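Chemist: Once you've had a glance at the structure underneath, I'll fire off some questions.
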Amino acid sequence: MEIRIPTGKAISMETDFFFLGDALALDLVNTEVIVRRKPADLLKTPVDLAGWWHMAGTQYGLKAGLSTAITETDFRQTKRLRQALRGLFTSVVENRLSPESDLEILNAVLRLCYLQADLLPNGMLAGTQHTDRLHPLLMAVAFSGLELLTGVERDRLRKCKNEHCILMFRDTTKNARRFWCSPACQNRARSAEHYHQTRES
Ligand SMILES: [Zn+2]
């Protein structure tokens, strides 16, 4: 089954996706959420993924590959990569070595990205892509993940401090003091703390 990514208003954006991770790979991981204390997956079908990819394109100013159809295979590969990225990011947050199985999934995707790649003086990457072997979405997410895991901001990876929230983000604050995914989570945590303090006193 192939679903065309909308170029106009063909799709109804019924799902609210979160773009608070400050990196494409984190925002993909954040398509798994907790709703009323229960895990929920915002990507149930390739249509959902097409909607997410379209919104991610707007969010990050992506131009290439936004109109490439998403197949069932692309969908399955993306979900597999999402799971691996969660494992890899979590291991960084928890200061553990990366799980081999998750590394292998990311590396398998990375191997399919470029036949040959060159860094140019202006900081751009030029190369021959295996465009027929991998959806541009997978390529963009894999590179975003690679950048987070190998870059100087690796220690800026965070999981929301709210124990009932599983969202992850990159802390871009000057003094590295962002602990919550959103003000909503922060407020919830503060009122819970206040509740406990009041009970204890
Ligand atoms: Zn949160």
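The values are calculated or read from the model by the stated rules, or taken from the named source; none is laboratory data. Owing to the predicted nature of the structure, the values given are computational and were not obtained by experimental measurement. Using ideal geometry, Cβ is built from the backbone for each residue, glycine included, and neighbour counts are taken over all protein chains shown.
Chemist: Quick check: is even one residue across region 88-103 touching a residue at least 60 places away in the same chain (Cβ under 8 Å), within 16 Å of the ligand (Cβ to nearest atom) and hydroxyl-bearing (Ser, Thr, Tyr)?
Modeler: Yes, that holds for at least one residue.
Chemist: Does Thr172 satisfy the condition of being at pLDDT below 95, under 22 Å from Val29 (Cα atoms) and loosely packed, with under 13 Cβ neighbours inside 10 Å?
Modeler: yes
Chemist: For Thr128, work out the one condition from (1) touching a Leu at 6+ places or on another chain (Cβ under 8 Å); (2) over 29 Å from Asp155 (Cβ atoms); (3) surrounded by 12 or more Cβ atoms within 10 Å (Cβ to Cβ) it doesn't fulfil.
Modeler: Unmet condition: (3).
Chemist: Mind counting the residues in region 134-156 that are surrounded by fewer than 14 Cβ atoms within 10 Å (Cβ to Cβ) and within 15 Å of Leu81 (Cα to Cα)?
Modeler: Total meeting the criteria: 0.
Chemist: On to the next question. Within the set of pairs 6 or more residues apart or between chains, which connect a residue that is closer than 16 Å to Leu26 by Cβ inside region 47-73 to a residue that is in a strand (DSSP E or B) with Cβ atoms less than 8 Å apart?
Modeler: Hits for this filter: Trp53/Ile70.
Chemist: Next question. Given the condition surrounded by 13 or more Cβ atoms within 10 Å (Cβ to Cβ), of a type outside the set (S, T, N, Q) and touching a residue at least 40 places away in the same chain (Cβ under 8 Å), answer yes or no: does some residue in region 107-120 qualify?
Modeler: So far as region 107-120 goes, no, none of its residues is surrounded by 13 or more Cβ atoms within 10 Å (Cβ to Cβ), of a type outside the set (S, T, N, Q) and touching a residue at least 40 places away in the same chain (Cβ under 8 Å).
Chemist: Out of Leu43, Leu20, which single residue is hydrophobic (A, V, I, L, M, F, W, C) and either within 21 Å of Gly151 (Cα to Cα) or part of a helix (DSSP H, G or I) (or both)? Outline the logic, then answer.
Modeler: Values: Leu43 fails: either within 21 Å of Gly151 (Cα to Cα) or part of a helix (DSSP H, G or I) (or both).
The match here is Leu20.
Chemist: Hey, another quick one. For region 157-184, how many residues meet the condition of being under 16 Å from Gly87 (Cα atoms) and more than 11 Å from the ligand (Cβ to nearest atom)?
Modeler: Here the count works out to 2.
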